[in-house]
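Here is the structure we will look at, set down as structure tokens.
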Amino acid sequence: MRRADQTTQNTFGLDGSVLMERAALGVCRRIETWWGETPHGNRPGEVLIYVGTGNNGGDGVAVGRILSQRGFHVQMRLLGPEEKRSEGLCAQLRTVMYTTVEFRDSFAGTTPDIIVDAMLGIGCSRPLTGEMADATAEITAYKAARGTELFVIAVDIPTGVNSDDGSVAGVAVRADATVTFAWEKLGLILYPGCTYAGEVSIEDIGVPQDAFLGQLPRTAVLDETVEELRPRRERAGNKGTFGKVLVAAGNAQVTGAAVLCAEAVLRTGAGMVRVCTHENGAQTLRVRLPEALLNTWHDQDSMREQIRAALGWADTVVAGPGIGTDEMGAALLREILDGAPKKLVLDADALNLIAADQELRKRLQELGDRTHGVILTPHLAEFARLRGSCSVKECRIHLLAWPAEMAEALGAVVVCKDARSLVAPPGFGLQYLNISGNDGMATAGSGDVLAGVIAALFAAGLPAEKAAAAGVRIHGLAGDAAAKRLGRCGMIAGDIVAELPAVQ
């Protein structure tokens, strides 16, 4: 983003003061919207602006100038050494001298309605110290004292949040709203940064996509509508046209995973689903999902027979939920890796087996190299096992890099599932960050549902990386719909399945 901003000014010739003015106007619009919704009589709003030494501070000074001209009572506090002030900030300070803005060394004794955080912007890469840390603590104290009567707004990104990865080292400003410029920063999307940003709005200030000079960011946010994501559904199609999905799931002790995954396949639009599972789950499937075809087994010989027959029928396979990590589960997975069609989704126990068995990993790599039609859907703990010698915490820190490395190594699309799930294709191509979904989806069986959604889209004709990305978004939207209907605390995986038709 810094490079694009500089290119806009130095190569395209758009003056930095123009960008700064547009940015300030966007912030002012957001402030005036909030003020207009607040019962305050006819008194002017009390605004405190914390100003850093860079161009983010310049944006803040421009905000103060505009607000003072529009009737707000504005006070500013300049932080940091004078000799470090940017040229853009100095220019704004010369202009603001002709307004009623007050400059203060301390805001002690004030009762603000609005606080503007214009201290650092995207320049934060280490823990806050000195004046910045003190100012952040002061803003926190004001918010604690005044609650919803105080509106804290961050310019571009809250101070203390790393714009590249959303990390917070120590303290950060917790804003009610953030106005960011040109493009949304990853730090406003990823956790924990997004929890500090409040409601985020994006202002177009004139930085074009061309300013990236062809070197676009490798991570994109998937925000298309479901209609845009789904493959076109032919009106003259039939159940074979829309895909035949085999669900290899469940064992003698686990039956629910197969039901959830298979129903998600059908609810997402696949024409047919066949479940291959232990005979103990047969009755549950017949009652819960009579639409599914069924192959059952009771020992390794019957399992091999049933799996081989089912593989010959399917064009897409999803395998792993509830199959276990014992020798039976490993034998089932070997059969699938040896005889799978070009489209394969591996989840849950299939991933744990591959993490523990180098032979299975080699078979997976060979299959991925042949087809590039393999999708892996690990949550962070499964991802850590697949990668080896790392913790869940480390995987979360390296979310934007490690899934792409694994995708390349295994020849498969990797869906790394977390509060913000990442979809990485082989070849270090464009990867997708999902922003749909909510914490109510952190419930048993939710991953089984996602595997079924992705498999259905894969079977319908989407390429592997598109099926994975679209599946994650649709799954999250269904979770959002379930949370809206039921609340986040009590929803279960079946509620996500129930919402799938509505979000499509």
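For a test of the definition: using alpha carbon positions, the gyration tensor, and the 1.5 limit on a/c, classify segment 368-504 as rounded, prolate or oblate. Oblate is the answer for segment 368-504, as a/c is 1.5 or above yet b/c matches or exceeds a/b. Taking the inverse of the mean reciprocal distance over all distinct Cα pairs, the Kirkwood hydrodynamic radius of segment 241-503 comes to 17.8 Å.
What are the trypsin sites (Lys or Arg not before Pro) within segment 44-78 that DSSP puts in a loop, where the Cβ has at most 15 other Cβ atoms within 10 Å? Present the calculation step by step, with values, prior to reporting the outcome.
Values: sites: ARG65, ARG70, ARG77; in loops: ARG70.
Sparse-neighbourhood loop trypsin sites (Lys or Arg not before Pro): ARG70.
Neighbour counts of other Cβ atoms within 10 Å put MET406, MET119, MET303 in the fewest-to-most order MET406, MET303, MET119.
Per residue, the convex hull spanned by the alpha carbons of the chain comes to 163 Å³. A cut-off under 14 angstrom between Cβ atoms defines the neighbours of GLU394, and their net charge, with Lys, Arg +1 and Asp, Glu -1, is +1.
Counting other Cβ atoms within 10 Å, which GluC sites (Glu not before Pro) in segment 221-298 have at most 12 and lie in a DSSP loop?
Working: sites: GLU224, GLU227, GLU228, GLU234, GLU263, GLU279, GLU291; in loops: GLU224, GLU234, GLU291.
Here the GluC sites (Glu not before Pro) that fit, given the DSSP loop and packing criteria, are GLU224, GLU234, GLU291.
Sorting the segments 422-432, 465-475 by their mean number of nearby beta carbons within 10 angstrom, highest to lowest, gives 465-475, 422-432. Would you please classify the overall shape of segment 345-436 from the alpha carbon gyration tensor, given that a ≥ b ≥ c denote the square roots of the eigenvalues, rounded means a/c under 1.5, and beyond that prolate means a/b larger than b/c while oblate covers the rest? It comes out oblate by the Cα gyration axes. Assign one of three labels to segment 139-279, namely rounded, prolate or oblate, based on the Cα gyration tensor with a ≥ b ≥ c the square roots of its eigenvalues; rounded applies when a/c is under 1.5, prolate when it is not and a/b is larger than b/c, and oblate otherwise. Prolate, because a/c is 1.5 or more and a/b exceeds b/c.
In nm², what is the average projected area of the convex hull enclosing the Cα atoms of segment 2-216? Display every interim value, and only then the final one.
Numbers: hull surface 45.5 nm².
Spelled out: convex hull of the Cα atoms, projected over all directions, averaged, 11.4 nm².
What's the angle, to the nearest 10 degrees (0 to 90), between helix 55-69's Cα axis and the longest principal axis of the chain? Around 60 degrees separate the two axes.
Here, each number is a calculation from the coordinates, and none is a lab measurement. As the structure is a prediction and not an experimental result, all values here were calculated from the model. Every residue, glycine as well, gets a Cβ built from its backbone with ideal geometry; the counts of neighbours run over all protein chains shown.
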